[in-house]
Amino acid sequence: MNEGEGRVLCVGLCVLDIVNVCESYPEEDSKQRSVEYYWQRGGNASNSASVLAMLGADVEFLGTLEQGQEYGFLRSDFLECGVHIDNCPVHVEGQYRCPVSTTIINRQNGSRTIIAALNNISELQIDDFMKVDLKRYKWIHFEGRPGVDRMYELLNAVHTFNESCSMEKKIVISLELEKIKRPELLSLSGLADYVFISKEFAMSLGYFTKEDAVENLISHCRKGYMATVICAWGADGAAAKSGSDKVVVSAAFPPDEMVDTMGAGDTFNAATIFALCNCAGLNEAIAFGCKVAGAKCGIRGYKELKGLKGANVTVNT
């Protein structure tokens, strides 16, 4: 692992989340007042970048942005969180549409129902990625987006860079596999040092415990290399496995009251990466990820995570 100075780069999607908090989930064809309404920046890689920034990492987001009415809000929110976006390609208004999701949060249990409007959006292309100076980064985290060939080009570009570097300058690569409609992305596992598998993705492949998932999915990773598979399992915590080592597990750390579970998986990924960047062992890293994800479920959004390192959610730094 590159444990020296450098920035963490999160590559993927940025979404505008329009959130309504309701006392209970609405019935179909009914009218109901919401308790609260707000806009929030979302998207897996965007969320993970926010969490890393709140924990104190030097972090950058890389993904396409659209010069529409939503752009000002998204850009300001990135800057407020301390997330760099200097290398994001920004498309002129009308060429593409900003991804938008409408979310209903049930106040009774913190559940979230998401309706995503992702028509005519732009995905990051290899030409955009190659404009980035890779020497600035110690870790690059890729959100598994549509287009296996395009994703291969992105990950392989980092491999090509690493081949020209000394060991201490190589970039650590992580890949998130979340969406069950993209099983073909599993073939990219061999290109990553760390593969984050969602519970839903693992179950779609026929695995019904976190331990079973990591024990079997490690076979898809790089051969002859200490690659790692990590799988968060919601209320059942998380499991991880490196190479031929034994499976390590962590319990979940739920909050006293569930407030907002939206982005809990993105939070787990980011907190685990933060811990690994700070020389934590794998067991300690996934426990830290579970603790921060649990803390996030007890608050709205991510900004209140700032300062949690010293409040019952610690990692050696």
How much length is gained if the chain between residue 279 and residue 216 is pulled fully straight, taking 0.36 nm per residue apart and subtracting their Cα-Cα distance, in nm to one decimal?
-> 20.1 nm
Rounded percent of accessible protein surface that carbon and sulfur make up, the stretch 112-246, 1.4 Å probe = 52 percent
Pairs beyond 30 Å (Cα-Cα), from 246/291; 31/306; 181/306 = 31/306; 181/306
Computed accessible area, residue 198, all protein chains, 1.4 angstrom probe, square angstrom | 20 Å²
When the helix-only estimate is applied to the chain (DSSP H runs of n ≥ 4, each -39,500 (n - 2.57), divided by the residue count), what is the mean residue ellipticity at 222 nm, nearest 500 deg cm²/dmol?
-> -8500 deg cm²/dmol
Taking a probe of 1.4 angstrom, what is the accessible area of residue 262 in Å², to the nearest 10?
-> 10 Å²
Accessible area (Å², 1.4 Å probe, nearest 10) - residue 160 | 80 Å²
Heavy-atom accessible area of the stretch 1-110 with neighbours in place, 1.4 angstrom probe: carbon+sulfur share in percent works out to 41 percent
Exposed loop GluC sites (Glu not before Pro) only (DSSP loop, at most 16 other Cβ atoms within 10 Å): please give the longest stretch of the chain free of them, not including the sites.
-> 124-256
Among 94, 63, 43, whose mean-square fluctuation peaks in a Gaussian network model of the chain (Cα, cutoff 10 Å)?
-> 94
Across 135/169; 138/170; 138/241; 199/241, pairs whose alpha-carbon gap is larger than 19 Å = 138/241
With N denoting the number of residues in the stretch 47-125, provide Rg(C-alpha) divided by 2.2 N^0.38 Å, to two decimal places.
-> 1.24
Distance (nanometres) between label positions extended 7 Å along Cα→Cβ at residue 5 and residue 246 | 4.0 nm
So what's the gap between the Cα centers of the stretch 235-272 and the stretch 1-78, to the nearest angstrom?
-> 20 Å
In Å and whole numbers, how far do the C-alpha atoms of the chain stretch along each principal axis, longest first?
-> 59, 45, 39
Of 77, 127, which has the most accessible area and how do the rest follow, probe 1.4 Å?
-> 127, 77
Return one whole number: the accessible area per residue of the chain in Å², for a 1.4 Å probe.
-> 46 Å²
Of the residues 221, 290, 279, which exhibits the maximal mean-square fluctuation in a Gaussian network model of the chain defined by a 10 Å Cα contact cut-off?
-> 279
In the stretch 87-176, the trypsin sites (Lys or Arg not before Pro) that fall in loop regions by DSSP, at most 11 other Cβ within 10 Å = 131
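The values are calculated or read from the model by the stated rules, or taken from the named source; none is laboratory data. The shown structure was predicted, so the numbers you read here are calculated from the model rather than taken from an experiment. Note that we place each Cβ from the backbone using ideal geometry, even for glycine, and neighbour counts take in every protein chain shown. Protein only, heavy atoms only, side chains kept; ligands, DNA and RNA dropped before computing areas. Shrake-Rupley method; radii C 1.70, N 1.55, O 1.52, S 1.80 Å.
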